[in-house]
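Below you'll find the structure, written out as structure tokens, and then a few comments.
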């Protein structure tokens, strides 16, 4: 009973700190405060040895909610954009994946991180899939997770600061957005889509299946005009918090202790990857005639769910961002493990 009470108090404190930080980030003009607040709060608790974790089912539920958020933005214009500009989309995807693989190979070759850990940790997106594949290949999955989620946190932070610098204000009226009216019929249908899509995606064994399954089902219904999908802002905020806690609580004291010596070099590697992504974004602004913030979010090597949350909270071309992110996500899931294996085998062979 006492253990349950202590655990409950910890979660209550985490919720309270998350709300305070989220409000602070929003007032400071940073985007996605509803994601960054819980994420930072969870990191603080994790590094203090709280031994807390977000249950997998809850995280899958949060992914399903984010899937609805993305599906809502998928329109016929996205398909037309991808078809019309497919060389740009494919080129950016290949460039990001190639840069990540090369960076990981160099970090391994220079022994910044042990064995093939850096190769797997440098793969953009599909964090859970890369962690699982790394473990099966003999790399240290804890360090891979550390590097992956460090990159996600950095991407989210840079995107928020960039949004504030480029737009002057990174968000609108947060309270109004949280309680903006959404039809109960649409909400119920969307929750049904989320449940069916999440269960189906997980059952099929697709990495991030709850997110992908819900996204595909919701987008198909949306594009076909059979059903509109949307959720109230307050419900999405719960999903944001769960995603932020899941990421932040992965920063355990044990993992950080193991990675302490490599942390400066890991941060340098992440910075190099972000600079490369920014260079691609600059080129994209000329090739696709889009604004810099949209281009950066489209090619940023963070998780698709966190990027979706950030993109939805600021004025960017959300369909373009999610089209690029989804295409890269698909390519990483299909080709990422193979690319990592090839680089890893070559490194081990030397």
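Each reported figure results from applying straightforward, stated rules to the coordinates on display, with no laboratory input. Treat the numbers as computed from the prediction; the structure is a model and nothing was measured. Positions of Cβ are backbone-derived with ideal geometry, glycine not excepted, and every protein chain shown enters the neighbour counts.
So the values come out like this:
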read-out: Percentage relative contact order, segment 270-316, counting C-alpha pairs under 8 Å, at least six apart; value: 36
read-out: Gyration tensor verdict on segment 213-274 (Cα atoms; rounded if a/c is under 1.5, prolate if a/b is larger than b/c, oblate otherwise); value: prolate
read-out: Calculated FRET value between residue 234 and residue 265, using beta carbons and R₀ = 45 Å, to 0.05; value: 0.65
read-out: Label point at residue 11 placed 7 Å out along Cα→Cβ; residues across segment 219-263 whose backbone nitrogen lies under 13 Å; value: 242
read-out: Rg ratio (alpha-carbon, reference 2.2 N^0.38 Å) - segment 260-311; value: 1.30
read-out: Viscosity 1.002 mPa s, temperature 20 °C, Stokes-Einstein D of segment 156-291 from Kirkwood C-alpha radius, µm²/s; value: 115
